[in-house]
Amino acid sequence: MQHFMQATNPASYMVLASNRGPLASLHALDVMWVSFYSIGLLFASLILISAIRKWIHNAVLAFILRLIAYGIFLIGTFLMVLVILTWPN
């Protein structure tokens with residue numbers, strides 16, 4: 001009966017699958033790679049901000065590069081939050 005209900009209402013399957021997190025449909029090793037990518041993005045934004053503070057003295061160029069670095073930071077943070085929400089119960 002449950003299989004019949006899932007076949008007739010695919011949204012119920014999405015609700016049941018969503019309690020494990022947004023990346024639950026991925027294999028565990030793929031989630032691991034997503035976490036490595038997010039750590040890499042966070043580290044790249046750290047290095048970029050540090051390099052901008054040390055070597056870039058043009059205010060306009062520094063502002064543009066900082067926007068890029070903070071964008072990278074936000075993407076890395078978003079991916080890490082997805083990984084954390086997918087953590088097994």
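Values quoted throughout were computed directly from the atomic coordinates according to the rules given, and no laboratory measurement underlies them. None of the values given here were measured: they were computed from a predicted structure. All Cβ positions, glycine included, derive from the backbone under ideal geometry; neighbour counts span all protein chains shown.
Quick notes on this one:
- When each of the peptides 53-64, 21-32 is scored by how many other beta carbons lie within 10 Å of its residues on average, the order from highest to lowest is 21-32, 53-64.
- Computed from backbone phi with θ = phi - 60° and the Karplus coefficients 6.51, -1.76 and 1.60, the 3J(HN,Hα) list for region 32-39 is 4, 5, 4, 5, 5, 4, 5, 5 Hz; x is used for glycine and proline.
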